[in-house]
Amino acid sequence: MMTLRVRTGPRDVERLPVKDHELGESIFGLFAKSLERGLPRPAFLLLREGQVDEVDALPILRLPSPQGHRLLSGLAGRDGVECAALVSPMTVRTGPSTGARAGVVFLEWPDNRWWTAWQPLDDSRRLLGDGPAVRAASEGWPKPGGVGGWFATARRLGLRLRLQPAAPTGDEGEEGEAPVVH
């Protein structure tokens, strides 16, 4: 059993629109704004009609492969998920043996469409450059390695993830804090 922190709330289509590029740009903008408060923890967003779940992805990303990928796939493959997004600071390969620390947003839909943006981070965790590099399957770009494939994996392996709220412990924190699920 694994304990994950999940926040669930209504999906505001003004903030999280339906169209691919608009949604990706909006999520990247939210990530960029969050950098003002410090480097955010990796998050896995599950967007449904009228609802968004935000999963603390750090414990998942620390799992050995393929466990982490399968867990993300199980989350994405749940009923009603229209789009899954990984939002995280991570290392992006910039050459065969080089990489750069960057802010990354990767979105994927059940039909295997994807959209991604990344922008380098400096040592102070601020974005470098004029804007993110944006790529999308719809523009003919090859899918970046190491991310995505969640919906296809869920279908291929028949993954069905069940989440249950954790028993109250009395230290749930302030209102709006994420509930813990197993």
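The values are calculated or read from the model by the stated rules, or taken from the named source; none is laboratory data. None of the values given here were measured: they were computed from a predicted structure. So basically every Cβ, Gly included, is an ideal-geometry build from the backbone, and we count neighbours across all protein chains shown. Surface accessibility is based on the protein's heavy atoms, side chains included, excluding ligands, DNA and RNA. Shrake-Rupley method; radii C 1.70, N 1.55, O 1.52, S 1.80 Å.
Miscellaneous remarks
- Condition met for Val55 (of a type in the set (Val, Ile, Thr), open to solvent by less than 40 Å² (accessible area, probe 1.4 Å), in a strand (DSSP E or B) and touching a residue at least 60 places away in the same chain (Cβ under 8 Å)): no
- Matching residues in segment 26-52 - criterion: being of a type outside the set (A, V, I, L, M), in contact with a strand residue (DSSP E or B) (Cβ under 8 Å, 6 or more places away or on another chain) and open to solvent by 30 Å² or more (accessible area, probe 1.4 Å): Pro40, Arg41, Gly50, Gln51
- Looking across segment 1-20 at every residue that is open to solvent by 30 Å² or more (accessible area, probe 1.4 Å) and assigned to a strand (DSSP E or B), the one that is modelled with the highest pLDDT is identified as Pro10.
- Residue match in segment 28-49 (condition: free of Cβ contacts under 8 Å to residues at least 40 places away in the same chain, in a strand (DSSP E or B), over 13 Å from the mean Cα position of the chain (by Cα) and on the phi < 0 side of the Ramachandran plot): yes
- Across segment 96-126, the qualifying residues are those that are assigned to a strand (DSSP E or B) and either open to solvent by 40 Å² or more (accessible area, probe 1.4 Å) or without any contact (Cβ under 8 Å) to a residue 12 or more places away in the chain (or both), and the one among them that is nearest to Thr153 (Cα to Cα) is Trp118.
- Looking only at segment 127-169, and only at residues there that are touching a His at 6+ places or on another chain (Cβ under 9 Å) and assigned to a helix (DSSP H, G or I), the one that is most open to solvent (accessible area, probe 1.4 Å): Ser138
- The residues listed here are Leu72, Leu23; of these, the one that is surrounded by 20 or more Cβ atoms within 10 Å (Cβ to Cβ), touching a helix residue (DSSP H, G or I) at 6+ places or on another chain (Cβ under 7 Å) and closer than 26 Å to Leu163 by Cβ is Leu72.
This table checks each residue for (1) among the aliphatic types (A, V, I, L, M); (2) modelled with pLDDT under 95; (3) closer than 30 Å to Pro165 by Cα.
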{"residue": "Phe31", "(1), (2), (3)": "no, no, yes"}
{"residue": "Pro40", "(1), (2), (3)": "no, yes, yes"}
{"residue": "Pro96", "(1), (2), (3)": "no, yes, no"}
{"residue": "Trp114", "(1), (2), (3)": "no, no, no"}
{"residue": "Gly148", "(1), (2), (3)": "no, no, yes"}
